[in-house]
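Colleague: The structure is given below, and queries will be raised subsequently.
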Amino acid sequence: MSDTVSVETVASAIDALRDQVPLVQSLTNIVSANFLTNVLLAAGASNAHIDNVHEAGGFAAIAGGVLVNLGTPDDGTAEAFLVAAEAARTAGTPWVLDPVGVGGLPWRSGIAVDLLRFHPSAIRGNASEIIALAGLGGDTRGVDSASDSADAVPAALALLKHADAVSASGPVDYIVGRDSGGDVRGVRVSGGSALLPRVTSTGCSLGGLVAAYLAVTPTALDGLVAAHTHVAVASEIAEENASGPGSFAVAYLDALYNVNADTIRSRARIESFDLPAGVQN
């Protein structure tokens, strides 16, 4: 298989992240804003939380990457989501849709459908959210995933008509997207820590990290794999140095900061997987 995302691809991406220090515009929920900013700073990027309708579009046009997270929308931020997504699309700024709670809550589900018109570079969610967004499932538990990430692969593939790459998070992360030659690939990232879901905003901050990596990688597939791998490796290291969720949160920020290309080469677990028959490249 040619042009497959590899450990070396991610090692190069983390070097590029530190060299370029991309500025992410986050339109995220009130729960995650602080932790997301700390994650981006620790990893090697920076963040501006610009989620008002008056500035969202203008900033999206100049940011390195944009995150739209549907965690706690209101009328004002919902309008800002659409303005930012349209401006990012027009300006060629890569942007990420994190469809928190989609499927179980009709109003925000409608917002997510509207946002798909602006072709997110990447969609990142848990398995239930990806399945719900693709219309292949009915109910979702919102921020908790009731589905296995492998089960979300058909839904993720269906969403490629709206996005360049899609990931479903879980104990193993499944990622699909088009490589630089336009062929659809499947990549599996293993590892991570069972303590990640014990700390609020680790998933939402992953969306921000995806936006940062999209700013420095040649394809959305590369950016998604790099962000998931950085988090998997850092969280494993953090768990080795933690006694519970509180110490894990601190150790996780330290590990995001300390992980480098050599760490990725020695600890990352990335492999391609076969796509279902009939997938069109």
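The values are calculated or read from the model by the stated rules, or taken from the named source; none is laboratory data. Because the structure is a prediction, the values reported are computed rather than measured. No Cβ is skipped: glycine too gets one built from the backbone with ideal geometry, and neighbour counts run over all protein chains shown. Surface areas here come from the heavy atoms of the whole protein model, side chains and all, with no ligands, DNA or RNA. Shrake-Rupley method; radii C 1.70, N 1.55, O 1.52, S 1.80 Å.
Colleague: Compare A85, A61, A234 in a GNM of the chain, Cα atoms joined below 10 Å, and give the one with the largest fluctuation.
Modeller: Top of the fluctuation ranking is A61.
Colleague: Step through the residues of the stretch 65-72 one at a time and calculate ³J(HN,Hα) from phi using the Karplus curve (6.51 cos²θ - 1.76 cosθ + 1.60, θ = phi - 60°), rounding each to whole Hz and writing x for Gly and Pro.
Modeller: Here the 3J(HN,Hα) series is x, 10, 10, 10, 10, 8, x, 9 Hz.
Colleague: I need the Kirkwood Rh of the stretch 201-281: take the reciprocal of the average 1/r across all distinct C-alpha pairs and report it in angstrom.
Modeller: Values: mean 1/r = 0.0717 Å⁻¹.
By the Kirkwood definition, the hydrodynamic radius is 13.9 Å.
Colleague: Of D75, D151, D262, which has the largest mean-square fluctuation in a 10 Å C-alpha GNM of the chain?
Modeller: Looking only at D75, D151, D262, the biggest GNM fluctuation is shown by D75.
Colleague: Looking at the square roots a ≥ b ≥ c of the eigenvalues of the Cα gyration tensor of the chain, which shape do they give, rounded for a/c under 1.5, prolate if a/b is larger than b/c, or oblate?
Modeller: rounded
Colleague: How much of the DSSP beta bridge set in the chain is antiparallel, as a percent to the nearest 5?
Modeller: Antiparallel bridges: around 40 percent, rounded to the nearest 5.
Colleague: Something else about it: So, with +1 on the Cβ of K and R and -1 on the Cβ of D and E, and no other charges, what is the size of the charge dipole of the chain about its Cα centre, to the nearest 20 debye? Display every interim value, and only then the final one.
Modeller: Details: 14 positive and 29 negative charges, 17 e Å.
That gives the chain a dipole magnitude of about 80 debye.
Colleague: Mind checking the per residue accessible area of the chain for me, 1.4 Å probe, whole number of Å²?
Modeller: 39 Å²
Colleague: Can you give the local net charge around Y174? Use residues other than it whose beta-carbon is closer than 15 angstrom to its beta-carbon, Lys and Arg +1, Asp and Glu -1.
Modeller: -2
Colleague: Separate question: Tally up the carbon and sulfur contribution to the accessible surface of the stretch 10-132 as a whole percent, 1.4 Å probe, everything protein left in place. Let's see the in-between values first.
Modeller: On the way: 2390 of 4340 Å².
About 55 percent, which is the carbon plus sulfur part of the accessible surface.
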